[in-house]
Amino acid sequence: QRNLENNGAAVILCSDDGLTWSVFSDIQLEIEMSSNPARNIPGRIILTASQSDSNIVYAVVASGGYSSEGFLKDIAYTILRSNDGGISWAKTSMPAGDGSWARLAWHALVIQVDPSNPEVVYAGGLDVHKSTDGGDSWQRISDWKGMYAGYGDRSYVHADQHKILFLDGSSSHIVFATDGGVFYSSDGTEEYPQTAERNKAFNTLQYYTCDIHPEEDKQFFIAGTQDNGTMRYLDYPVSVSDMVSGGDGAYCFFDQDEPGTFITSVYNNRYYVFKTNVNDETYLFGNIDDYYSGTFINPADFDSRLNILYANATTFTLDHRDELLVIKDATQNPGGTFLPLSTGTSVPFSHVRVSEFSPLSSSTLFLGTQSGELFKVKHAEAFPVTENITGSEFPSSNISCVDLGNSEEEIILSFSNYGVESVWESQDGGSSWRNVEGDLPDMPVRWIMYHPSYSRKAIAATELGIWVADDLDEQDIHWRPANDGLANVRIDMIKYRESDQTFLIASHGRGLFSTSNTGTLNRPPDAVRNKDLMIYPNPNNGNFRLDLKQIKAKDVSINSVDGKIVYHKDLDGKAGRGDLHFDLKGIAPGVYFVRVRTDNQVYESKFIIK
């Protein structure tokens, strides 16, 4: 593989003693001399040596070039064979001479020789291929696409091959490791071995995104995965039949106003709209695929109130530079527009967030960029007015997430790079910013949110699971891991359902997790229920008093049972202030909690508004 200076690829080194080396660079030079700009950059090499004849070694070589999307893409270039232990090499044939059998060679490329017969070789890219004559001819023995299209004439093995393993040196028992998990064959000596999926209870799906059905207590989740589509979870383990759309599953959304409708997407701004009936049976309502743009797992958000989908439009090659894709009437009769924003940014937008405090007939967005700029965009649906609210000390890094607290004045955001201060907060709408990373380890933070019940607490999705800061107002902010029942694994997204205080967590490698608003994700560990915190009268009609004679209170808040803050007031931390009077006009009847925070404790008591 190329090093950081783009050198060193497609070269084979061989040594018998580790001191002196023979160098085979003929293929590297051949690739570099190619007049084809899509094939003239040397790529990686995968090697395999015969266990039954150590003189025979095979190598598969990749080469590539820059694609129209701006990626450096490799495909298979040639397969080599050595009969003298790697001193000299000669080309054999390939499963397809143009390399298309392994056109994702920077990601999926493998070769393996049978442990008993040096003439039997397996090569994998998209599908698995087998040669029984030392690479002179090949036959395809798996068919990943046919299973979905209904015409498969080979055994199914998921696309993108990474490892081929012969169990206990047997030629018959073979394991294939792929983007779709593990597949096993017990008849490898047959011309066309049959394979079977071996992924039961094998929880390794890599989720990029997720969303949660808004209905209380409903176990209905959707989530986008790496190369395994977007999965629908309905309170039982997911299987291939639960993949509602294919490819690499990108951003997905439930319509909060019409819970029977949800949106999924695949790379580069291609969307699918699904409808469900009362039995949660799902059918495809329509495609939105006329707006190819954006990046691979492209940032987007959905304004359910206005039925508008907003997404980054800028590609890696800067097509649609500084533009937003706006798709109106997205779940019924979608129509898209590339809307210029005039922010002046020259990189793709890395995060799109619709403000829940947007005006009734308009959308306010917060847009982060890959270079660390943050913009607030009013009237994003038609006539965008942008404001640069980037912090002067922000790193020039990738803004991965933005969240809002009790208003648009309270903003927290994260960066997903190593070696930078990853979490920042503003309490004045972006006029000033404070680094609140505290003692959080140096690692990417891929999602950030205020705790729904207490906005001075934050929850971060990191490279090592979920971390929580219990008090963002501390001078020395302390973060703690909150991974009980989870794992120290990369987390890409967190979603929250207010109706029953449920969190949904998308891990990149260990599947989906959900938890209720209790335990380590609930109130700070030093919070107490203090019945001596006097509220009178109780019950009341919203007009009541709170006794603060003995408490040095920093602030007080009123929370509904679903965690929403309905009132907040900053105090000066002095004791002996007497009674604090509340007149909460227009508040709905129900059960509420008053929370009073001091320097080292949180008091909480329940009261009722009739």
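Can you give the translational diffusion coefficient of the stretch 260-336 in µm²/s, computed by Stokes-Einstein from the Kirkwood radius over Cα pairs at 4 °C and 1.567 mPa s?
101 µm²/s
Using each residue's phi in the stretch 582-599, evaluate 6.51 cos²θ - 1.76 cosθ + 1.60 at θ = phi - 60° and report the 3J(HN,Hα) Karplus result to the nearest Hz, with x for Gly and Pro.
Each residue of the stretch 582-599 in turn: 10, 9, 8, 5, x, 6, 6, x, x, 8, 9, 10, 9, 10, 10, 10, 10, 5 Hz.
For the chain, give the magnitude of the charge dipole about the Cα centre (Cβ charges: +1 Lys/Arg, -1 Asp/Glu; no others), in debye to the nearest 20.
Values: 49 positive and 82 negative charges, 295 e Å.
Around 1420 debye, computed over the chain.
With Cβ to Cβ distances under 15 Å as the rule, what net charge do the other residues near G169 carry (K, R +1; D, E -1)?
-3
List every residue whose amide H lies under 5 Å from the amide H of C252, counting only residues 5 or more places away in sequence or on a different chain, with H placed 1.01 Å from N in the peptide plane.
It is C210, by chain and number.
Cα-based Rg of the stretch 314-448 per 2.2 N^0.38 Å, rounded to two decimals?
Relative to the rule-of-thumb radius for its length, the stretch 314-448 sits at 1.06.
Just how large is the dipole of the stretch 291-388 about the Cα centre, in debye to the nearest 20, putting +1 at every Lys and Arg Cβ and -1 at every Asp and Glu Cβ?
80 debye
Keeping the other protein chains in place, figure out the carbon and sulfur percent of the accessible area of the chain, with a 1.4 Å probe. Mind dumping the intermediate values first?
Details: 12530 of 26340 Å².
So the carbon and sulfur contribution to the accessible surface is 48 percent.
Per residue of the stretch 372-381, in order, report the coupling 6.51 cos²θ - 1.76 cosθ + 1.60 (Karplus, θ = phi - 60°) as ³J(HN,Hα) in whole Hz, putting x for Gly and Pro.
The phi angles translate into x, 9, 10, 10, 9, 10, 8, 6, 5, 6 Hz.
Tell me, what ³J(HN,Hα) does each residue in the stretch 455-467 have, in order and in whole Hz, if you take phi through Karplus 6.51 cos²θ - 1.76 cosθ + 1.60 with θ = phi - 60° and put x for Gly and Pro?
7, 8, 10, 10, 10, 10, 9, 10, 5, 10, x, 8, 10
With an 8 Å Cα cut-off and a minimum separation of 6 or more residues, compute the relative contact order for the stretch 271-342 in percent.
It rounds to 21 percent for the stretch 271-342.
First obtain the Kirkwood hydrodynamic radius of the stretch 44-89 from its Cα pairs, then insert it into the Stokes-Einstein equation at 10 °C and 1.306 mPa s, and state the resulting D in µm² per second as a whole number. Could the numbers behind the result be given before it?
Details: Rh = 11.8 Å.
It diffuses with D of about 134 µm²/s by this estimate.
To the nearest 10 square angstrom, what accessible area does R446 show with a 1.4 Å probe?
Rounded to the nearest 10, the figure is 50 Å².
To the nearest 0.05, how large is the calculated FRET efficiency for I608 and L486 if R₀ is 45 Å and r is the Cβ-Cβ distance?
Rounded to the nearest 0.05, the efficiency is 0.80.
Are there GluC sites (Glu not before Pro) in the stretch 158-261 that DSSP puts in a loop and that have at most 10 other Cβ atoms within 10 Å, and which ones?
In loop regions of the stretch 158-261 (DSSP not H, G, I, E or B), the sparsely surrounded GluC sites (Glu not before Pro) are E191.
Determine the calculated [θ] at 222 nm for the chain from helices alone, applying -39500 (n - 2.57) to every DSSP H run no shorter than 4 residues and normalising by the residue count; nearest 500 deg cm²/dmol.
Helices in the chain give a 222 nm mean residue ellipticity of -500 deg cm²/dmol.
Counting other C-beta atoms within 10 Å, and keeping those with at most 13, which DSSP coil GluC sites (Glu not before Pro) do you find in the stretch 261-362?
E281, E356
Hey, what did the chain get for relative contact order, percent, Cα under 8 Å, at least 6 apart?
Taking the mean separation of contacting Cα pairs over the length of the chain, I get 6 percent.
Please report, in debye to the nearest 20, how large the charge dipole of the stretch 467-520 is about its Cα centre when each Lys and Arg carries +1 at its beta carbon and each Asp and Glu carries -1 there.
That gives the stretch 467-520 a dipole magnitude of about 460 debye.
Would you work out which of I222, Y208, S170 lies farthest towards the positive end of the dipole of the stretch 141-253, given +1 charges on the beta-carbon of Lys and Arg and -1 on that of Asp and Glu, about the Cα centre?
S170
On a C-alpha basis, how far is the centre of the stretch 176-235 from the centre of the stretch 319-378 in Å? Whole number, if you could?
32 Å
Which value, in Å to one decimal place, does the Kirkwood hydrodynamic radius take for the stretch 1-130 when every pair of different Cα atoms is included?
Working: mean 1/r = 0.0666 Å⁻¹.
Hydrodynamic radius (Kirkwood, Cα pairs) of the stretch 1-130 is 15.0 Å.
Once the mean 1/r over all distinct Cα pairs of the chain is inverted, what Kirkwood radius in angstroms do you read off?
Here the Kirkwood hydrodynamic radius works out to 27.2 Å.
Probe of 1.4 angstrom, ligands and nucleic acids ignored: what's the accessible area per residue over the chain, in square angstrom?
Accessible surface, normalised per residue, equals 43 Å².
In the stretch 1-105, what chymotrypsin sites (Phe, Trp or Tyr not before Pro) fall in a loop by DSSP, with at most 15 other Cβ atoms inside 10 Å?
Working: sites: W21, F24, Y58, Y66, F71, Y77, W89, W101; in loops: W21, F71, W89.
Within the stretch 1-105, the qualifying chymotrypsin sites (Phe, Trp or Tyr not before Pro) (loop, at most 15 other Cβ atoms within 10 Å) are W21, F71.
Considering the dipole of the chain built from charges on the beta carbon (Lys and Arg +1, Asp and Glu -1) around the Cα centre, which of S52, H158, G485 is farthest to its positive end?
Going by the Cα projections, it comes out as G485.
The values are calculated or read from the model by the stated rules, or taken from the named source; none is laboratory data. Treat the numbers as computed from the prediction; the structure is a model and nothing was measured. Cβ atoms come from the backbone with ideal geometry, glycine included; neighbour counts cover every protein chain shown. Calculation scope for accessible area: heavy atoms of the full protein, side chains included, ligands and nucleic acids excluded. Shrake-Rupley method; radii C 1.70, N 1.55, O 1.52, S 1.80 Å.
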